[in-house]
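No lab work stands behind these numbers, since they all come straight from the coordinates. Only a predicted model underlies this, so the values are computations on that prediction, with no experimental measurement involved. Please note: Cβ atoms are built from the backbone with ideal geometry, for glycine as well, and neighbour counts cover all protein chains shown.
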Amino acid sequence: MEIKAVKFRKDGFYSQPFAFGGEEGMDKFDLNIRYRGTLQNYLIDTGNEVILVDTGLPAGTPEEKPNETSLAFTGKDISSYMEAFAALGYKPEQVTKILLTHKHSDHSGELKSFPNAQIFVNEDELSADELKEIPNLVPVKFTDGAYYNFPACQKIAEGITFIKAKGHTNGNSIVIVENDGLFYMIHGDITYVDEALYENKLSVVFEDLPAARETMDRVRVFVREHPTVYMGTHTPQGYENLEAKRIMDLDHPVETVYPEIDFTTGQATGKYVCSICGYVYDPAEHDGIAFEDLPDDWKCPRCRKGKDKFNPA
């Protein structure tokens, strides 16, 4: 069995208030402390099947143009998700299953591009806008009982388990792959950066805060009790952990490498991109109303987060 990262954005960042401020509030943390950000999802080649965990941003999603006050920046394009997938040597028709950690478009953006794949998704996520008109959805009911300290799971294939992990979204899930004595935890967005797991901090992005705290607590217990390779979507630590087969040790954090950030502004398009769910605000689709002229209490129509989570495109 092989696990590979599908890397499609680099050189992003997540500010400390964004990554740590879910419970204590963003004002308790330093906006000038930023952690490295990327975007990647993962591919599992079992030898008999090609299984994807999440499917990147939709093709054509514009890059953001962050500034000194931006809370988060998903990074610069390496390629589209589908180009990054093809670069690993696979074709879309080879994919038999897709395991969706949650609905946000940086995880679900290219679901339609895999014609032969069954798409496994927590049944609580089925009504999401991002999943409308997506074929081959398989609602997961988590009927296989507990998986260690997680109360509900569904076995997908030998050594591959889909785990209910509500909080970040109401249908959030985790995938754990067991291989050669290690537990590879592909977690979507339990944390945006590994520093948050070490420090036991929740991000500001959640639909159910008490559930997010319960899930975080379960993840930390699991990591302490099992040799776990912790694999995120939004930090290069995700694929660095994978490539080094690095076991997460909560008592001995890996030294933080801080990003080098260039805030040089490119040509503005007038569009803005939500750094949470990828929604693109285009004034042309909103009666010509500029993003800057929207009310201060305006919310993203997809994920319901505020204007401060958007960056210019």
Selection from G89, G109, V6, by position along the positive dipole direction of the stretch 1-119 (Cβ): G89
In nm, spacing of pseudo-spin labels at N149 and A87 (7 Å Cα→C-beta vector): 3.7
What net charge do the residues around P283 carry, taking every other residue with its C-beta under 15 Å from that of P283, with Lys and Arg at +1 and Asp and Glu at -1? -3
Amide H neighbours of V50 at under 5 Å, excluding residues fewer than 5 places away on the same chain, with H built from the backbone geometry, are T96, K97
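Efficiency by 1/(1 + (r/R0)^6): what FRET value for D249 and R213, r their Cβ-Cβ distance, R0 = 22 Å, to the nearest 0.05?
With R0 = 22 Å, the Cβ-Cβ based efficiency is 0.50.
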Restricting the stretch 272-313 to chymotrypsin sites (Phe, Trp or Tyr not before Pro) in coil, as DSSP defines it, with at most 15 other Cβ within 10 Å: W298
Of all DSSP beta bridges in the stretch 2-244, antiparallel share, percent nearest 5: 70
Most mobile of V193, V254, V273 in a GNM of the chain (Cα contacts under 10 Å): V254
Pairs to check: K141/K299; K76/K201; K65/K103; K271/K305; K166/K307. Give those whose C-alpha atoms are more than 20 Å from each other in this structure. K141/K299; K76/K201; K65/K103; K166/K307
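With charges set only on the Cβ (+1 for Lys and Arg, -1 for Asp and Glu), what does the dipole of the stretch 272-312 come to about its Cα centre, in debye to the nearest 20? Please list the in-between numbers first.
Details: 6 positive and 8 negative charges, 73 e Å.
Charge dipole, the stretch 272-312, about its Cα centre: 360 debye, nearest 20.
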Amide N of the stretch 64-85 lying under 20 Å from the label point, which is placed 7 angstrom from the Cα of E2 along Cα→Cβ: 81-85
Output the direction-averaged projected area (hull surface divided by four) of the convex hull of the alpha-carbon atoms of the chain, in nm². 15.4
Would the stretch 261-313 count as rounded, prolate or oblate if I go by the C-alpha gyration tensor, calling it rounded below 1.5 in a/c and otherwise prolate when a/b exceeds b/c, oblate otherwise? oblate
How large is ³J(HN,Hα) for each residue in the stretch 70-76, as worked out from phi by the Karplus curve 6.51 cos²θ - 1.76 cosθ + 1.60 (θ = phi - 60°), to whole Hz, x for Gly and Pro? 5, 7, 7, 8, 6, x, 9
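Could you grab the relative contact order for the chain? Cα pairs under 8 Å, six or more apart, rounded to a whole percent. Intermediate results must be reported in sequence, preceding the final value.
Working: 722 pairs, mean separation 59.4, N = 313.
With pairs under 8 Å counted, the relative contact order is 19 percent.
Once the convex hull of the alpha carbons of the stretch 218-263 is built, what does its volume come to per residue, in cubic angstrom?
Numbers: hull volume 4.5 nm³, N = 46.
About 98 Å³ per residue, rounded to a whole number.
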Quick query: amide H of V6 versus all other amide H atoms, modeled in the peptide plane; which residues come in under 5 Å with a sequence gap of 5 or more or a different chain? N41, Y42, L43
